[in-house]
Amino acid sequence: MDITRTATPYLMQDVLKGSENVAIAGETATPIYSLIVKPEIKSFADLQGKTVGLSLAVDTISISTRKLMAMNGIKEGDFKVKELVGTPARAQCLTKGECDAVPLGQPEDLNLIKKGYRRLGVSTDAMSNFQFIVSAVRRSWGEKNKDALVRYVRALASSYRFMRDPAVRDEVVRIILDTTGSSEEIARQTLSLYFEPERGVVPKQGEIDVKGFNEVIKVMAEAGELKPPLPAVERFIDLQFLKAGGLQ
């Protein structure tokens, strides 16, 4: 493929192993992952000795969940870990009873709360600003296809401006229903969670949050996933296409 979307930790790992891949636009900025638990779990203290379904250790989902639990007195070693990549897999682990707690994105977290599961906290309590998902290309391909990439990031920017526009909220809801099969209630709850108030989940126009990207480097180092000396953020991003499109 020529263009992909990926979480920043995976892109960084790839580049540090010698890949020429590079981020050229921002997608999800700071996501909101809910720590959803079985109905009988009433507090963080109840997670002692329980099984928590997390993504891979390098993933910011896992890092932010561990930080959230540590902030509330549950440290590494206080709980068992089951590695599961993807919100659907973690939601299934919880509903099957194989996990006691899992971080979930939308709409799975909202759907399970309706069914009686509890939300203990959200990832933004522990990590309030970082760059989660980016568009990425191979540097050599990008250099040979500058015009196409500038048009791509402009189209991406247009889609994000549309998503954010309160005047077309009903149309955005309809698109969510058509593409995800979600209920209108969950679609509106999700948009309200993102935008009322503004929580920095969706970029304004596909810009890369350089400060947020640096925050990922910092927390990966804190989690032991990166070793000093820490790499410069410029190693992983190329802003020329956003700048050419007037977006950064």
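The values are calculated or read from the model by the stated rules, or taken from the named source; none is laboratory data. None of these values were measured; they are calculated from a predicted model. Ideal geometry is used to build each Cβ from the backbone, glycine not excepted, and the neighbour counts take in all protein chains shown.
What to note about this one:
- Residue match in segment 152-167 (condition: touching a helix residue (DSSP H, G or I) at 6+ places or on another chain (Cβ under 8 Å), surrounded by 12 or more Cβ atoms within 10 Å (Cβ to Cβ) and either within 28 Å of Val58 (Cα to Cα) or modelled with pLDDT under 95 (or both)): yes
- Answer residue from segment 116-151, given it is part of a loop (DSSP other than H, G, I, E, B) and within 24 Å of the chain's Cα centre (by Cα) and is surrounded by the most Cβ atoms within 10 Å (Cβ to Cβ) among those: Gln131
- Residue in segment 210-218 that is modelled with pLDDT of 95 or more, surrounded by 14 or more Cβ atoms within 10 Å (Cβ to Cβ), under 18 Å from the mean Cα position of the chain (by Cα) and of a type in the set (S, T, N, Q) present: yes
- So Met69, is it in contact (Cβ under 8 Å) with a residue 40 or more places away in the chain, over 13 Å from the mean Cα position of the chain (by Cα) and buried (at least 20 other Cβ atoms within 10 Å of the Cβ): no
- In segment 55-71 there is no residue matching the filter, namely being over 29 Å from Ala232 (Cβ atoms) and small (Gly, Ala, Ser).
- Odd one out for Glu40 among (1) within 20 Å of Lys227 (Cα to Cα); (2) without any contact (Cβ under 8 Å) to a residue 12 or more places away in the chain; (3) not aliphatic (A, V, I, L, M): (1)
- Tally of residues being out of contact with any Ser or Thr (no Cβ under 9 Å at 6 or more places or on another chain), surrounded by 15 or more Cβ atoms within 10 Å (Cβ to Cβ) and among the hydroxyl-bearing types (Ser, Thr, Tyr) across segment 168-188: 1
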